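The values are calculated or read from the model by the stated rules, or taken from the named source; none is laboratory data. Remember, it's a predicted structure, so these values are computed and weren't measured experimentally. Here the Cβ positions follow ideal geometry from the backbone for every residue, glycine too, while neighbour counts run over all protein chains shown.
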Amino acid sequence: MESVVRSVSDLGADQRQCLESALGVPLAEDQRVLIMVLNPGEPDESIRARALSRLEQLCEKGTRNGLSFFSEGGEAEIGELRAAELKSAWSR
């Protein structure tokens, strides 16, 4: 897996126009663009299944601890837990 991150402000006019055309939306100067190239089978299904299972466990734990997707602050906390867990699962 490879990824490229570019600040919109650093793009040439032709590059920016190409990305805006491909994405179908205008880009703002303060935005960044992330492009990821995944090889077939990366990550494999077992890694994806483990990540999904762990994510479900984290969501259940968050719910038991009073977090909710719809409570103030709960969505952000669950999002942070998800991001950390997914990052961990993908790096294994």
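What to note about this one:
- Filtered residues of the stretch 1-46 (kept if surrounded by 10 or more Cβ atoms within 10 Å (Cβ to Cβ) and at pLDDT below 85): LEU38, GLU42, PRO43
- Candidates in the stretch 13-37 are the residues that are part of a loop (DSSP other than H, G, I, E, B) and not charged (D, E, K, R); of these, the one that is nearest to GLU2 (Cα to Cα) is GLN31.
- Scanning the stretch 40-60 for residues that are in contact with an Asp or Glu (Cβ under 9 Å, 6 or more places away or on another chain) and under 30 Å from ARG6 (Cα atoms) returns ALA51, LEU55.
- Selected residue (criterion: modelled with the highest pLDDT) from residues of the stretch 47-85 that are surrounded by 11 or more Cβ atoms within 10 Å (Cβ to Cβ) and assigned to a loop (DSSP other than H, G, I, E, B): LEU67
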